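Written out below as structure tokens is the structure these notes cover.
The values are calculated or read from the model by the stated rules, or taken from the named source; none is laboratory data. Just so you know, these numbers come straight off a predicted model, no measurement behind them. Reconstructed Cβ throughout: ideal geometry from the backbone, glycine too, with neighbour counts over all protein chains shown. SASA here: full protein model, heavy atoms, side chains in, ligands and nucleic acids out. Shrake-Rupley method; radii C 1.70, N 1.55, O 1.52, S 1.80 Å.
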Amino acid sequence: MKNILILLVCSVLVLTTACKEEKKVDEGPSQMEQVLAVHDEVMPKMKTIGNLVGELKSKVDSTAMGQQYEVAMKDLQNAHKSMMDWMQNFGTRFDQDDIRMKKELTEQKQQWLDEEELKVKALKEEINGSIERAEALLNKTKEN
């Protein structure tokens with residue numbers, strides 16, 4: 001009888017533990033992790049933006065080509081400002097416990113996270129687009 005009781009308790013513990021582990025394995029990155037991953041992907045590109053702005057700045061003048069350089073430079077500067085604004089806004093909406101997922105988000109904060117996810121995806125497009133256009137312009141002039 002004692003052996004059956006021990007076997008039953010062990011079986012329940014094994015099944016309970018297996019179910020909990022299975023849930024953890026099935027879960028992918030949280031929405032917060034996905035938002036932060038997009039930020040982490042584009043943040044290193046701030047250095048590229050700075051380098052490109054420096055390169056374009058020296059080429060700006062009153063000629064038609066110089067004006068194209070100026071447009072590309074301003075595009076990059078706007079993308080940089082968008083990143084800084086996004087980070088500041090994100091930091092005012094979420095504290096470290098929210099970011100580290102130590103507590104469940106309130107309904108308001110979940111709504112904000114939904115908004116921030118859309119904003120950071122648009123930010124990624126803005127940053128990548130401004131870099132691509134500036135590099136294409138600079139490569140075009142190097143070829144001529």
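Quick look at the values:
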{"read-out": "Meets criteria (open to solvent by less than 60 Å² (accessible area, probe 1.4 Å), within 30 Å of Glu70 (Cα to Cα), touching a residue at least 60 places away in the same chain (Cβ under 8 Å) and out of contact with any helix residue (DSSP H, G or I) (no Cβ under 7 Å at 6 or more places or on another chain)) for Asn89", "value": "no"}
{"read-out": "Extreme residue, least open to solvent (accessible area, probe 1.4 Å), among residues of the range 92-144 that are acidic (Asp, Glu) and part of a loop (DSSP other than H, G, I, E, B)", "value": "Asp95"}
{"read-out": "Matching residues, the range 52-86, being open to solvent by 40 Å² or more (accessible area, probe 1.4 Å) and under 19 Å from the mean Cα position of the chain (by Cα)", "value": "Gln77, Asn78, His80, Lys81, Met84, Asp85"}
{"read-out": "Neighbours by Cβ (under 9 Å, 6+ apart or cross-chain): first from the range 26-38, touching a residue at least 60 places away in the same chain (Cβ under 8 Å) and open to solvent by 40 Å² or more (accessible area, probe 1.4 Å); second charged (D, E, K, R) and in a helix (DSSP H, G or I)", "value": "Gln31/Asp114; Gln31/Glu117; Gln34/Glu117"}
